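Participant: Pasting in a structure now, in structure tokens, and then I'll have a few things to ask.
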Amino acid sequence: MQKYDVIIIGGGVSGLSCAITLGSAGPKMELAADKKVLVIDAGKSHLNMAELHNVPGIAEGTKGPELLASLAQRAEAYENVSIMQGTVASVSGTAGDFKVTTESAETFEADIVVFANGMQTNAVEGIGAAIVDHIRAPRPGMVMIENHNGIIGEGKYVTGCAAGATSMFASAAGYGAQTATDIISSWAGKYTVIHDILTKG
């Protein structure tokens, strides 16, 4: 059974943003260099139905599926990040020894689990928190995972729309990066932010 430091459930905006930020820590921090990250994506991101016109830094009219593919490619450019297709059925165990099982009965181990499964796809056994009405969704029927500052319990995080962020791209992406920063900080033992600095030519 393969062991990962972090398994992210959901390969939408927040899940991929989290993976990218975690991946970027590897080349910059010795303690993160060997941390392995797996994203398990069910392919149900709402971004697949979007065309973007109001996101800073993203070209006007960018199609959601193209942007998702670009984010996935960027995440996997880090050698410690892997992405697989699948639907997670259950999470069991405790921090440092979680077992994540897919509907096809594949099982993976992880120290940390991040739920990034959006506003409608929270049917995972073993989340460990209540599913409640979404606090920032304008449409009925949208839900989120109850949490405290993105934490469900020891070793369990929730991010993006599943944590209560709006469905705006920038909000979900920022939340994913925030969750990754919290995880990196837990590794470092102090609050740590991975900054990219302009290289002087």
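No value in this document is a laboratory result; all are computed from the given coordinates. For clarity, every value in this text was computed on a predicted model and none was experimentally measured. Note: ideal-geometry Cβ built from the backbone for every residue, glycine included; neighbour counts use all protein chains shown.
Participant: Around Thr87, which amide H atoms from residues at least 5 apart in sequence, or from another chain, sit under 5 Å from its own amide H, with H modelled in the peptide plane?
Facilitator: Glu103, Ser104
Participant: Cα extents of segment 3-188 along the three principal axes, largest first, in whole Å?
Facilitator: 41, 36, 31
Participant: In the neighborhood of Leu52, defined by Cβ-to-Cβ distances under 11 Å, what is the net charge if each Lys or Arg adds +1 and each Asp or Glu adds -1? Walk me through the intermediate numbers first.
Facilitator: On the way: positive: Lys63; negative: Glu51, Glu60, Glu66.
Once all neighbours under 11 Å are counted, the net charge is -2.
Participant: Let me ask another. Could you pull out the GluC sites (Glu not before Pro) across segment 54-113 that fall in loop regions by DSSP (anything but H, G, I, E, B) with no more than 14 other Cβ atoms inside 10 Å?
Facilitator: Within segment 54-113, the qualifying GluC sites (Glu not before Pro) (loop, at most 14 other Cβ atoms within 10 Å) are Glu60, Glu79, Glu103.
Participant: Further, regarding this structure: If you take every residue apart from Asp5 with its C-beta less than 11 Å away from the C-beta of Asp5, what net charge results, scoring Lys and Arg +1 and Asp and Glu -1?
Facilitator: 0
Participant: Measuring from centroid to centroid over Cα atoms, what is the spacing of segment 1-52 and segment 66-126 in Å?
Facilitator: Centre-to-centre distance over Cα atoms comes out at 8 Å.
Participant: Please check: in the Gaussian network model of the chain (C-alpha springs, under 10 Å), which one of Met144, Met29, Met119 has the largest mean-square fluctuation.
Facilitator: Of Met144, Met29, Met119, the Gaussian network model singles out Met29 as fluctuating most.
Participant: If you don't mind, there's one more thing I want to ask. Mean separation of Cα pairs under 8 Å and 6+ residues apart, divided by the residue count of segment 61-201: what relative contact order is that in percent?
Facilitator: Answer for segment 61-201 is 15 percent.
Participant: Amide H of Ala50: which non-local residues (sequence gap of 5 or more, or other chain) have their own amide H closer than 5 Å, using H built in the peptide plane?
Facilitator: Gly64
Participant: On to the next question. Taking the number of other C-beta atoms within 10 Å as the exposure measure, put Ile40, Ile83, Ile8, Ile58 in order starting with the fewest.
Facilitator: Numbers: Ile40 23, Ile83 19, Ile8 34, Ile58 15.
Ranking Ile40, Ile83, Ile8, Ile58 by Cβ neighbours within 10 Å, fewest first, gives Ile58, Ile83, Ile40, Ile8.
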